[in-house]
1. A:E78 passes all but one of (1) modelled with pLDDT of 90 or more; (2) part of a helix (DSSP H, G or I); (3) surrounded by 15 or more Cβ atoms within 10 Å (Cβ to Cβ); which number fails?
2. Of all residues in segment B:40-69, which are of a type in the set (D, E, K, R) and within 12 Å of chain A (Cβ to nearest Cβ)?
3. Residues to consider are B:Y452, B:Y417; find the one that is touching a helix residue (DSSP H, G or I) at 6+ places or on another chain (Cβ under 7 Å), farther than 18 Å from B:G393 by Cα, of a type in the set (F, W, Y) and surrounded by fewer than 20 Cβ atoms within 10 Å (Cβ to Cβ).
4. Look at B:V349 and say whether it is assigned by TED's automatic domain parsing to the domain that holds B:M438, among the β-branched types (V, I, T) and within 30 Å of B:V98 (Cβ to Cβ).
5. Given (1) within 14 Å of B:G48 (Cα to Cα); (2) surrounded by 22 or more Cβ atoms within 10 Å (Cβ to Cβ); (3) of a type outside the set (F, W, Y), where does A:P58 come up short, assuming only one miss?
6. Given (1) surrounded by 20 or more Cβ atoms within 10 Å (Cβ to Cβ); (2) more than 13 Å from chain B (Cβ to nearest Cβ), where does A:F71 come up short, assuming only one miss?
7. Which one of these is within 14 Å of another protein chain (Cβ to nearest Cβ), surrounded by 22 or more Cβ atoms within 10 Å (Cβ to Cβ) and in contact (Cβ under 8 Å) with a residue 24 or more places away in the chain: B:K198, B:K231?
8. Please report, ordered by residue number, the strands (runs of 3 or more DSSP E) entirely within segment B:14-103 with at least 1 residues that are surrounded by 19 or more Cβ atoms within 10 Å (Cβ to Cβ) and hydrophobic (A, V, I, L, M, F, W, C).
Amino acid sequence: MKTIVILLTFLTATTIHSQTPYEKGMGKAFELWGSNKTDEAANLFERIGKAEKENWLPYYYAAQVHIIKTFTTKNAEEIESRLKKAQNHLNEAKTFSSNNAEIMIMEAMLNTAYVAHNPSVYGMTLSPKVEELYQKAKVLDPENPRAILYHAEWKMGSAKFWGKDPKAYCPEIEKAALLFDKEQPTTPFYPSWGKDQIERVKQNCK
Amino acid sequence: MKSLLSFFLLLITSISVSQTTISGTVTERSGTPIIGANIYLDGTYDGGSTDDQGNFSFTTSETGEHTLVISFLSFETYSLTTTITAMKNLEVRLKEDVNSLGSVILNAGTFSAGDNSKASVLTPLDIVTTAGAAGDYIGAFQTLPGTSTVAEDGRLFVRGGDANEANVYIDGLRVFQPFTATANNIPTRGRFSPFLFKGTNFSTGGYSAEYGDALSSVLLLNTIDEPNQEKTDFSFISVGLGVGNTQKWKNNSLSINAFYLNLKPYQEIISQRVEWSKPFESLSGEAVYRHQFKNGLLKVYGGLNYTDFQLIQEDINIPEGINFGLTNRNLYLNASYKGELGNDWKLTVGASFANDHNDIQITETKVGTDDNNAHVKGKLRKRFSNRFKLSMGFEQFLGNFTEEVTAPSFDKVESNYQNNSTAVFTEANIFFSKKLAMQLGVRGTNNALLEYTRIAPRVSLAYKTSSTSQISLAYGDFYQAPQQNILKFNTSLDLEKSSHYIFNYLYQNNGRTLRAEAYYKGYDRLVKFDTERPEFSSNYSSNGNGYATGLDLYWRDNKSIKNLEYWASYSYLNTERTYRNYPERATPNFASDHNVSLVGKHWVKDWKSLIGATYNFASGRSYTNPNTRNFLGEKTKAFNSLNLNWAYLLSQQKIVYFSLSNVLGSDNIFNYQYANTPNSNGVFNRRAIRPTADRFFIIGFFWTISDNKTDNQLDTL
């Protein structure tokens with residue numbers, strides 16, 4: 001009898017510890033992304049998004065994979081089609097979660113990618129949109145370290161363009177750094193990335 | 001106890017055993033493997049990606065019937081519904097998504113400007129930062145091939161057609177008076193503020209069956225769907241003041257602007273060839289309201305413009321000159337709705353209305369005109385697949401024109417006519433592949449005033465010859481009713497007709513564009529009359545005809561030199577026609593054989609300045625010298641103009657702007673006016689028709705106030 005109890009407890013315990021297909025899938029997708037299999041990672045995030053329904057996170061990451069990939073891509077056609085795909089993923093994400101600061105930050109990054117890709121075509125039209133998205137995100141979630149860090153980086157970029165001192169935004173980076181340390185994700189896979197980018201953005205303060 | 005344990009074990013193993021492997025290969029139509037395609041069972045977590053050979057394989061514990069989905073960037077998504085066990089060693093060929101980048105474009109005859117258009121030759125910014133355009137959005141189009149420089153007019157003269165042959169549309173609806181009222185030989189400007197528009201299509205021929213009543217060209221302007229942000233703009237320029245404001249709330253937005261223009265300060269500084277008794281003055285206001293519905297967008301545009309001036313026009317026959325005064329009031333309203341009806345049906349409906357009122361004084365004669373026009377349109381579009389789309393629509397035009405002339409020599413004369421016409425159109429867009437596409441359209445028009453029904457076919461075809469180049473062909477018939485200055489005297493004429501044949505070659509590669517277009521345009525049923533000007537007593541006929549043929553070249557390069565963008569246009573035009581009071585076929589005065597435009601913009605980072613230069617050249621224009629026997633037998637000297645502009649960005653939101661036209665002061669002659677009677681030596685004297693002044697300049701300060709401080713008015717200059 002005792003063995004059964006042990007066995008049952010053991011079984012239940014493993015069920016609790018064993019992952020749901022969602023967790024397993026997400027974990028696998030991050031692993032693929034980590035090992036530089038970007039298309040496979042994006043594909044898996046997209047599959048999870050389609051299967052999960054009502055969950056914005058897989059789409060959010062699928063978009064992020066494509067956006068980050070464009071930073072190291074030279075082919076104009078590929079950049080445009082990845083960004084288009086990323087926008088579609090974010091649109092999906094928005095239907096499950098409206099007024100979400102994280103999605104707005106990602107959308108700001110997407111528009112930044114357009115501007116970086118072709119400033120003469122997209123610079124004038126999309127720059128105000130990037131600014132608006134960061135501002136909206138900060139209103140919704142004033143303590144979001146990603147909003148603060150990337151908004152500061154965006155502003156540093158335009159300050160440099162206008163021949164001003166980008167160091168004016170350095171205190172914002174310090175603030176973001178403190179908020180990154182305070183950040184405690186509540187739901188699994190909730191966005192918590194970006195802390196490792198602080199050093200890179202700080203280069204502007206030297 | 002033991003049996004219970006084995007039962008559990010059995011349960012666990014049995015779950016892991018019932019796995020099925022799904023496998024196959026994904027290729028393009030050509031057989032080239034597709035790497036990285038996404039394959040999955042719809043609604044499950046099970047799936048995989050293709051490897052370097054296009055192979056995929058994954059296992060699933062699902063059973064029974066399921067849908068397997070295969071998707072990849074720029075290909076159409078493939079799906080297969082069958083039992084899991086049948087999904088083995090599949091060979092799937094994906095179809096290219098014809099809507100993706102790199103597809104062939106149906107572009108014969110058309111120049112697009114906008115950020116999303118694949119065939120874009122101008123960016124939105126170009127329209128307004130082109131030197132010499134002086135804030136007039138029409139100015140940038142005059143640097144494109146296919147247009148002739150007719151600097152004393154300011155409107156668009158396309159491929160041997162006169163300015164009346166080009167129509168302007170806003171959000172698909174006709175603009176009846178797109179240009180400000182002006183006098184002979186004084187250039188006009190577009191009525192609309194450039195910053196209300198996001199994209200433009202300028203067609204120099206062969207355009208869609210959706211548009212009619214234009215023999216040569218249509219200019220399609222689209223207003224912004226959703227403004228980026230709330231802001232207030234101020235402009236202080238040497239010839240006027242402007243203010244604009246944009247508000248956004250919930251699903252609504254409203255943009256308003258007002259502008260006051262007075263050329264007096266300019267006319268005081270730069271000496272004028274005409275004597276202005278009352279300087280050119282205009283006051284205009286515009287408003288756009290937008291409302292976003294769940295499945296659609298409503299836009300309402302309203303513009304009101306008041307223009308007033310008086311001058312003494314030189315005339316060789318009247319030594320003291322002609323006293324000419326004009327007051328114009330123009331109201332334009334435009335409302336459109338576009339929305340999704342579900343099942344891939346799209347609906348666009350709209351209406352526009354214009355009231356144009358003129359009070360004109362020519363010496364002792366007073367002319368009052370009142371022109372009311374309306375346009376109602378409905379269009380349905382069905383997307384059967386990415387490869388086949390069908391649209392159909394209906395249009396009704398209503399026009400009512402009244403004129404009242406009073407002169408000391410005769411009593412009041414009144415004329416009035418109603419010009420109503422109805423049109424239906426349908427058009428199919430067919431993509432045979434990513435490389436070959438076709439557009440087939442037909443338009444039927446019935447003009448109630450002239451009692452004519454006409455059917456006009458339109459066809460265009462495009463084929464992609466390589467990843468960077470394509471060729472296209474277009475053919476179309478176009479009909480247009482005679483102009484109001486003729487219709488007011490005679491309403492028994494035919495509709496004027498033109499036929500376009502176009503061959504286009506386009507090369508686009510890494511920031512460089514080459515576009516070459518050869519065309520032939522035939523004219524038929526043009527209006528003729530037998531007096532100097534159309535008059536009540538003239539004899540009218542529809543016996544005029546003509547042709548225009550030529551070659552348009554466009555080259556743009558944004559890459560070769562850092563921070564420099566430039567484009568070059570060349571147009572060769574050979575045209576002759578007999579129309580109006582022409583005794584024989586001849587090249588009209590507005591058409592020049594060779595037109596060249598060079599436009600350059602250089603961003604100087606250290607100066608925070610955008611410096612632009614435009615050079616325009618046009619070969620001589622024909623004129624009639626009554627001292628010889630030849631009608632339109634002589635040519636003026638060539639036209640030259642070098643224009644410069646400089647936008648200096650004081651800060652992100654404050655811009656100082658300077659623009660000067662004809663920097664070199666070239667003495668340009670457009671035409672000659674000869675005396676009606678010869679002098680004592682038997683020679684007809686003449687007077688050169690020149691610009692009112694050789695140079696035009698603007699100094700301005702533009703200031704934008706917005707919450708987010710990144711926007712400025714560079715896109716309105």
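The values are calculated or read from the model by the stated rules, or taken from the named source; none is laboratory data. Since we're looking at a predicted model, the values are computed, not measured. Cβ sites come from the backbone with ideal geometry, for glycine too, and all protein chains shown count toward neighbours.
1. Against the list (1) modelled with pLDDT of 90 or more; (2) part of a helix (DSSP H, G or I); (3) surrounded by 15 or more Cβ atoms within 10 Å (Cβ to Cβ), A:E78 comes up short only on (1).
2. To start, the set of residues in segment B:40-69 that are of a type in the set (D, E, K, R) comprises B:42, B:46, B:51-52, B:62, B:65.
The answer is B:D42, B:D46, B:D51, B:D52, B:E62.
3. Numbers: B:Y452 fails: touching a helix residue (DSSP H, G or I) at 6+ places or on another chain (Cβ under 7 Å).
Among B:Y452, B:Y417, only B:Y417 is touching a helix residue (DSSP H, G or I) at 6+ places or on another chain (Cβ under 7 Å), farther than 18 Å from B:G393 by Cα, of a type in the set (F, W, Y) and surrounded by fewer than 20 Cβ atoms within 10 Å (Cβ to Cβ).
4. Working: assigned by TED's automatic domain parsing to the domain that holds B:M438: yes; among the β-branched types (V, I, T): yes; within 30 Å of B:V98 (Cβ to Cβ): yes.
Taking the combined requirement at face value, the residue satisfies it.
5. (1)
6. (1)
7. Numbers: B:K198 fails: surrounded by 22 or more Cβ atoms within 10 Å (Cβ to Cβ).
When all the criteria are applied, what remains is B:K231.
8. Working: elements: B:20-28, B:38-41, B:47-49, B:55-60, B:65-71, B:78-83, B:90-94.
Qualifying strands (runs of 3 or more DSSP E): B:20-28, B:38-41, B:55-60, B:65-71, B:90-94.
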